[in-house]
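A short write-up of the structure that comes next.
The values are calculated or read from the model by the stated rules, or taken from the named source; none is laboratory data. Bear in mind the structure is a predicted one, so any value in this text is a computation, not a measurement. Neighbour counts run over all protein chains shown; Cβ positions are idealised from the backbone, glycine included. These accessible areas exclude ligands, DNA and RNA; they are computed on the full protein's heavy atoms, side chains included. Shrake-Rupley method; radii C 1.70, N 1.55, O 1.52, S 1.80 Å.
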Amino acid sequence: MSRLTRLGFIDVRRTSNPVRRRVRSRGIPPALEKHEIFYTEQPREAAELIGKALSPATLTRGDLDAQRFAASLHGVRLRDVSMLYVDLAIAATLDIPSMGSYFAVHMPTNGRAVCMQDGRTFEANPIRALVTSPGMPLTMRFDHDSPQLVIRIEQAALERHLTRMLGGSLSRPIVFEPEMNLAADAAMRWHGAIQLLHTEVYYEGSLVQRGQGIGALEELVMSSLLLLQPSNHLAQLTGETEQPGRRVVRAALDYIEEHLGERITMSDIAKNVHMSVRAVQQGFREELGTTPTVYLRDRRLERARADLTDAEPSDGVTVTDIAERWGFSHLGSFAALYRKRWGESPSETLRR
């Protein structure tokens, strides 16, 4: 079983030997060709399976060519970022009453989909993508032959990443402008991030295929979306409304991220941001509601969990190796903190 298959979020037994014949090849991205999640010619089954991968939905076929319906979904999930390819073959309408706890960028690779969200109607096509935010209803009317590449980002992960970028807790949920101009000059960064994601998934022996560099790649995708696409937090990100206290905390967070696997003291952090220890501690309390020490411990636990999740038995990785990598010198204390945070032992995560 490959690492990417193991990280899939739908029963991969459906992907090895599809029961029904494929109608035709429809330009599936090369990186996803071997990662079929489902194929069905039954609209009800398609709606159910799409609901498991995205959000509960109803699916209605168009009148023309209704008998040629053939839905398929290909995809892989890393940790918090998934790359999916959705194809309904014919004209159809997908109604989602409430988007799940994730953000998604829907990029038609052919044709178009008329999108209705938050009282607005617009067209998604190969040069204009749809960006969805959690909790909102969505209706998409697909034209014939209008497959989509979908980048899904889990809500909790994007919120944590934005918190680190801002240097403070979020005052309100993230909401993106739903229309993304893929032809704009600024969109080149987004295209570059997605191309790198595709390349890492596709090539055998890549860092991602070896379970390395997943975090950095996901952070690139998340940062690109946050900095490119207008949202209710973009002004803060660009510094237009940044407060002095947040600048200090953000500098401290940057230092912590760069030295996460090293021994870090409060004096080290304060010296790096040119502030007193007390000022740094006060900034963390005001902006993040925590202390630098607790934040550092939690980030190390998160990185340890990521490494334990990515590891394969054949890699020869042990819990002790990962604990020491992220600054936990006492294995018993690490295991207790890990279980309290994640509800399972480090060895259970490693064996899964």
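Structure above, values below:
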item	result
Theoretical FRET efficiency, 1/(1+(r/R0)^6), r = Cβ-Cβ of Ser329 and Thr238, R0 41 Å, to 0.05	0.50
Among His161, His330, His233, residue whose mean-square fluctuation peaks in a GNM of the chain (springs only between Cα atoms under 10 Å)	His330
Longest to shortest principal axis, alpha-carbon extents of the chain, angstrom	70, 49, 32
Asp268-Asp321 FRET efficiency (beta carbon distance; Förster radius 25 Å; 0.05 resolution)	0.50
Solvent-accessible area of Thr349 with every protein chain in place, 1.4 Å probe, in Å² to the nearest 10	0 Å²
Cut-off 10 Å between beta-carbons: net charge of the residues surrounding Arg152, Lys and Arg +1, Asp and Glu -1	-1
Förster radius 51 Å - calculated FRET efficiency between Ser171 and Arg210 (Cβ-Cβ, nearest 0.05)	0.85
Long-range Cα-Cα pairs in region 108-262 (distance over 24 Å), rounded percent	43 percent
Sequence ranges 277-288, 246-257, ranked by mean other-Cβ count within 10 angstrom, highest first	246-257, 277-288
The chain: calculated mean residue ellipticity at 222 nm from DSSP helix runs of at least 4, using -39500 (n - 2.57)	-12000 deg cm²/dmol
Cα-based Kirkwood hydrodynamic radius, region 245-351, one decimal, Å	14.7 Å
Relative compactness, region 154-224, computed as alpha-carbon Rg over 2.2 N^0.38 Å	1.28
Aspartates and glutamates whose Cα lies under 18 Å from that of Lys52, excluding same-chain neighbours fewer than 8 positions away	Asp11, Glu36, Glu41, Asp80, Asp87, Asp95, Glu154
Reachable lysines, given that their alpha-carbon falls under 21 Å from the alpha-carbon of Lys340 and they are not under 8 places away in the same chain	none
Sequence ranges 38-44, 186-192, ranked by mean other-Cβ count within 10 angstrom, highest first	38-44, 186-192
Cα-based shape type of region 34-127, given that a ≥ b ≥ c are square roots of the gyration tensor eigenvalues and the cut on a/c is 1.5	rounded
In range of the label at Glu257: residues from region 196-215 whose backbone nitrogen is under 14 Å from the point 7 Å along Cα→Cβ	215
Estimated Rh, region 74-129: Kirkwood, alpha-carbon pairs, angstrom	13.0 Å
Residue among Leu260, Leu78, Leu225 with the largest mean-square fluctuation in a Gaussian network model of the chain, springs linking Cα atoms under 10 Å	Leu260
Region 240-317 and region 319-352: distance between their alpha carbon centers, rounded to Å	19 Å
Degrees separating the helix 244-258 axis from the principal Cα axis of the chain, which is the longest one	80 degrees
Accessible surface, 1.4 Å probe, highest first, among residues Met165, Met222	Met165, Met222
Compactness relative to 2.2 N^0.38 Å, alpha carbon Rg of region 182-295	1.32
Under 5 Å, built H, 5+ apart or other chain: amide partners of Arg112	Asp143
Size of region 127-192 as Cα extents on the principal axes (Å, biggest first)	45, 30, 16
